[in-house]
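Inspection log for the structure reproduced underneath, given as structure tokens.
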Amino acid sequence: MAAHVSAVLLPRLLVILIASTATVVWQAGLPAADLPPALVAQFTKSVQPLLLNKCAAGSCHGGPTAHEPRFHRGDSAGRIDRTITLANIGVLTDSVGPSSDPAALLAIISARHPASAGPTDLTAGALRPIERSTLENWLQTARRFSATKHRADSMLSTTNPASPTPTIVIQPPNRFRAMLDAAANPLPLPPPQKPQGIILGKDASTLDE
């Protein structure tokens, strides 16, 4: 009995383990929003419908109470916006695991799983070859982009290390010092000027001399 239970639970536990051990290779180091628009568009058109129809159907891997990994199926009307699409990309890449190698995940979902389920147990059917190819090609493309971006970021951080911004401290003016400077350097007096206008007490003829 124990062996049967272990055989039934092992594939499910493997999927949960893969989803829970994702590291910076995918989501933390490469947010879904940083993926090229063409790659997001390909996911929206080809990969996301496949995941929602094959994996998130019923209560398998769709909705908040489903088994891990949990894909988002949209609102009550089935509408899926960009936010939900990016969240589903994160769920998929987390499921791949820290190695970014989709082989283990593809091996699970490409066969009827759990493989040890009984005749009346709920199982997921195997992916068709074209479905597996669609999923595998997208994951490999995302993996190559992640590796390229990681190398570029590493080179940039090596050649241009971030330096702290110097702090500029502005001191208040010293009034006493300003007074001393003014006394030591008085303003020059204006040059003498010839009087203008009429000067009382003087003969007009002397003014013309």
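List of remarks:
- The amide H of PHE71, built 1.01 Å from its N in the peptide plane, has GLY62, GLY63 as neighbours under 5 Å, considering only residues 5 or more places off or on other chains.
- In sequence order, segment 79-85 has phi-based couplings of 6, 10, 9, 5, 4, 5, 4 Hz under the Karplus curve 6.51 cos²θ - 1.76 cosθ + 1.60, θ = phi - 60°, and Gly or Pro positions carry x.
- Fully extending the segment from ASP81 to SER46 would add 11.1 nm, taking 0.36 nm per residue of separation and subtracting the current Cα-Cα distance.
- Inter-probe distance in nm under a simple model that places probes 7 Å from Cα toward Cβ, at ALA107 and ASP181: 7.8 nm
Every number in this text was worked out from the coordinates using simple rules, so none of it is lab data. Treat the numbers as computed from the prediction; the structure is a model and nothing was measured. All Cβ positions, glycine included, derive from the backbone under ideal geometry; neighbour counts span all protein chains shown.
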